[in-house]
Amino acid sequence: MNHHYPHAYYPHYGNFGFPYYHGQYYANPYQPIAFGSCGHTAHPCQGTPPLTAMKLPCELMADSTTTSSQIFIGGSSDVSLSLEYLKTGATATVKVTITESGQATTWDLDTLPDEYQIKENFTTVSPGAEVLLEVTDCTARLRWCEIVCC
């Protein structure tokens, strides 16, 4: 049986149906698009198709109900954390503790403005790092994207 499906239907191409040739993904064979859109110049999964790299959005949140949250960073490469926060009381504080390779680094923010704040690229961490977010009279969220292979 001979089926003539467009390239997007062939599972061996990976990356949501985009064919993989010579280190780049192609939406179709006539229009190359660089894989560097997620920071890599080569396939990050250290393999060949059908392995596919994807950006997986992640977040960690703490507020007046859940004043501390902890998570570990996964994926196949370093990630940049973005910190968002909004003061909800008079004595608002945000504390971020990152433990990497046995070393703990802590950021204490205790003078918060009344309006919503965002600090993009707050810091960069490696896979395996543990992150603890603690707040008082505040809602805060850390966001990042992990590169994962499927």
Yes or no: T91 in the same structural domain as T124 (by TED's automatic domain parsing), hydroxyl-bearing (S, T, Y) and modelled with pLDDT of 95 or more?
no
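A quick yes/no check of all residues on (1) within 17 Å of C138 (Cα to Cα); (2) crowded, with 16+ Cβ neighbours inside 10 Å; (3) at pLDDT 95 or above:
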residue	(1), (2), (3)
G36	no, no, no
G39	no, no, no
C45	no, yes, no
A53	no, yes, no
L60	yes, yes, yes
S68	yes, no, yes
S80	no, no, yes
E84	yes, yes, yes
I98	no, yes, yes
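Out of A90, A140, report the one residue that is part of a strand (DSSP E or B), touching an Asp or Glu at 6+ places or on another chain (Cβ under 7 Å) and within 17 Å of T67 (Cα to Cα).
A140
What tally of residues in the range 120-135 results from selecting those that are closer than 25 Å to T65 by Cβ and at pLDDT 95 or above? Explain how you work it out, then say what you get.
Our first condition is that a residue be closer than 25 Å to T65 by Cβ; within the range 120-135, this holds for 122, 130-135.
Imposing the further condition that a residue be at pLDDT 95 or above reduces the set to 130-135.
Counting residues in the range 120-135 that are closer than 25 Å to T65 by Cβ and at pLDDT 95 or above gives 6.
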Out of (1) farther than 17 Å from M61 by Cβ; (2) surrounded by 13 or more Cβ atoms within 10 Å (Cβ to Cβ); (3) modelled with pLDDT under 95, the odd one out for L109 is which?
(1)
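Answer yes or no as to whether G75 is over 17 Å from the mean Cα position of the chain (by Cα) and within 28 Å of C149 (Cβ to Cβ).
Details: over 17 Å from the mean Cα position of the chain (by Cα): no; within 28 Å of C149 (Cβ to Cβ): yes.
Criteria not met by G75.
The values are calculated or read from the model by the stated rules, or taken from the named source; none is laboratory data. On a predicted model such as this, the values are computed, not experimentally measured, just so you know. When we count neighbours, we look across all protein chains shown, and the Cβ atoms used for this are built from the backbone with ideal geometry, even at glycine.
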